[in-house]
Amino acid sequence: MILNIKVKILSRKEVGPNIYLIRLKAPEIAQDALPGQFIHIKCSKDNYPLLRRPLSIHRIDKEKGEIFILFQAVGDGTKLLAQREIGDDLDIMGPIGNGFNIYPKSRKIMIVGGGIGVAPLLALCEESIRQGKEVRVLIGALKKELIIGEESYKILGAKVDVATDDGSYKHKGLVTDLLEGSIREGWLADQIFACGPKSMLKKIVEISLDAHIDCQVSLEERMACGIGACLGCVCKIKTKDKKEDKVKYEYKRVCVDGPVFGGSEVVWDD
Ligand SMILES: Cc1cc2nc3c(=O)[nH]c(=O)nc-3n(C[C@H](O)[C@H](O)[C@H](O)COP(=O)(O)OP(=O)(O)OC[C@H]3O[C@@H](n4cnc5c(N)ncnc54)[C@H](O)[C@@H]3O)c2cc1C
Ligand code: FES
């Protein structure tokens with residue numbers, strides 16, 4: 001069930017240039033939230049901006065009844081959110097969306113995050129490790145200062161590798177180079193999960209299809225209502241009509257039908 005509640009800001013930290021980590025007291029949401037779901041946030045105390053902004057649930061602490069969000073202040077909404085004080089009440093709706101689907105039979109999990117796309121992946125990593133999976137994480141960013149969360153994944157027990165476009169830290173190049181490298185070396189995941197820029201996701205899906213590895217991607221679209229009513233966030237999805245044995249296309253709402261989709265279902269160049 002999607003709740004609309006006011007929750008308290010417990011802490012707020014700038015963890016990178018214009019990148020903020022906020023901890024919220026939200027026991028009702030922490031209880032039900034799944035990795036890959038998001039919350040829809042009223043960023044300021046007044047009515048500007050009018051529309052809420054969607055942010056992924058970065059970490060879920062069910063015991064303490066807390067959730068975390070990790071976000072980059074890119075425009076008015078997220079800049080106003082970054083200025084909210086510890087102790088403020090935040091008006092949020094959630095948890096929203098389908099979340100990632102970790103298959104019980106999977107033993108090896110590969111998680112790939114590009115830029116601020118790492119945001120929903122820590123909760124996924126934590127849950128995968130809790131379920132006894134072997135987890136590798138690949139993080140990509142433009143430069144060293146924009147690498148977020150490397151240590152957090154290591155503390156959980158994941159093996160982490162990093163790529164920067166400018167070579168200022170670890171592998172110089174794209175995070176997809178690391179994915180191709182690990183497959184070449186014979187580390188074959190049962191599932192790949194990814195979040196980040198569309199060009200990165202598209203390449204990851206191509207790699208996963210070549211290697212016959214199941215892949216799920218978390219998509220970002222601009223959102224209005226965030227609860228499936230306005231159709232403002234649709235994306236084109238390829239499905240198979242089993243009766244007629246042919247491919248068909250339909251539009252799905254990223255907010256409630258996603259944000260996670262099977263990589264091979266997404267129509268990228270539309
Ligand atoms: C399901 C979902 C989960 C998300 N999770 C996170 C997260 O955990 N952390 C995070 O930093 N961001 C996340 N985003 C993106 C975040 O919602 C946008 O950055 C935010 O809404 C921008 O609002 P703004 O008012 O600050 O900027 P605006 O003034 O609205 O936009 C500033 C710039 O950001 C671009 N932008 C705005 N919204 C989106 C969007 N939805 N997708 C791609 N580009 C956008 C605009 O085109 C513009 O260039 C998520 C988006 C979705 C759909
Ligand atoms: S944002 Fe309204 S239907 Fe998705």
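The values are calculated or read from the model by the stated rules, or taken from the named source; none is laboratory data. This structure is a prediction, so every number in the text was calculated from the model and none was measured. Because the Cβ atoms are built from the backbone with ideal geometry, glycine has one as well, and the counts that use them run over all protein chains shown.
Filter the stretch 1-29 down to the residues that are outside any strand (DSSP E or B) and crowded, with 22+ Cβ neighbours inside 10 Å and list them by number.
We begin by selecting, within the stretch 1-29, every residue outside any strand (DSSP E or B); these are 1-2, 17-18, 26-29.
Passing the criteria: ALA26, ILE29.
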- prompt: Which number in (1) part of a loop (DSSP other than H, G, I, E, B); (2) within 21 Å of the chain's Cα centre (by Cα) marks the one condition that SER264 misses?
  reply: (1)
- prompt: Could you say whether any residue in the stretch 75-86 is more than 14 Å from ligand 1 (Cβ to nearest atom) and at pLDDT 95 or above?
  reply: yes
- prompt: Can you name the residue in the stretch 177-200 that is in contact with a helix residue (DSSP H, G or I) (Cβ under 7 Å, 6 or more places away or on another chain) and touching a residue at least 60 places away in the same chain (Cβ under 8 Å) and is also farthest from PHE38 (Cα to Cα) among such residues?
  reply: LEU179
task: Report whether or not VAL118 is more than 16 Å from ligand 2 (Cβ to nearest atom), within 11 Å of the chain's Cα centre (by Cα) and aliphatic (A, V, I, L, M).
output: yes
Among residues of the stretch 35-71, those that are away from ligand 2 (no atom under 15 Å from the Cβ), surrounded by fewer than 22 Cβ atoms within 10 Å (Cβ to Cβ) and in a loop (DSSP other than H, G, I, E, B), counted: 9
statement: Restricted to the stretch 233-270 and to residues being away from ligand 2 (no atom under 16 Å from the Cβ), among the acidic types (Asp, Glu) and touching a residue at least 24 places away in the same chain (Cβ under 8 Å), the residue surrounded by the most Cβ atoms within 10 Å (Cβ to Cβ) is GLU265
message: Looking only at the stretch 185-232, filter to residues that are within 16 Å of ligand 2 (Cβ to nearest atom) and among the acidic types (Asp, Glu); which one of those is farthest from TYR48 (Cα to Cα)?
response: GLU220
- request: May I ask you to say which residue of LYS248, LYS243 is in a strand (DSSP E or B) and either more than 15 Å from the chain's Cα centre (by Cα) or within 16 Å of ligand 1 (Cβ to nearest atom) (or both)?
  value: LYS248
- request: Could you list all residues from the stretch 216-240 that are under 21 Å from GLY113 (Cβ atoms) and outside any loop (DSSP other than H, G, I, E, B)?
  value: GLN216, VAL217, SER218, CYS235
Qualifying residue in the stretch 207-225 (condition: within 16 Å of ligand 1 (Cβ to nearest atom), among the hydrophobic types (A, V, I, L, M, F, W, C), surrounded by fewer than 13 Cβ atoms within 10 Å (Cβ to Cβ) and without any contact (Cβ under 8 Å) to a residue 60 or more places away in the chain): no
- prompt: If you go through the stretch 124-143 one residue at a time, do you hit one that is of a type in the set (D, E, K, R), within 18 Å of GLN37 (Cα to Cα), modelled with pLDDT of 95 or more and surrounded by 15 or more Cβ atoms within 10 Å (Cβ to Cβ)?
  reply: yes
- request: From the list GLY77, GLY99, pick out the single residue that is crowded, with 18+ Cβ neighbours inside 10 Å, over 17 Å from ALA123 (Cα atoms) and touching a residue at least 12 places away in the same chain (Cβ under 8 Å).
  value: GLY77
field: Hits in the stretch 62-111 - residues which are among the small types (Gly, Ala, Ser) and within 15 Å of MET223 (Cβ to Cβ)
entry: GLY75, GLY77, GLY94, GLY97
- request: Using the structure shown, decide if ARG23 is modelled with pLDDT of 95 or more, of a type outside the set (A, V, I, L, M) and within 18 Å of the chain's Cα centre (by Cα).
  value: yes
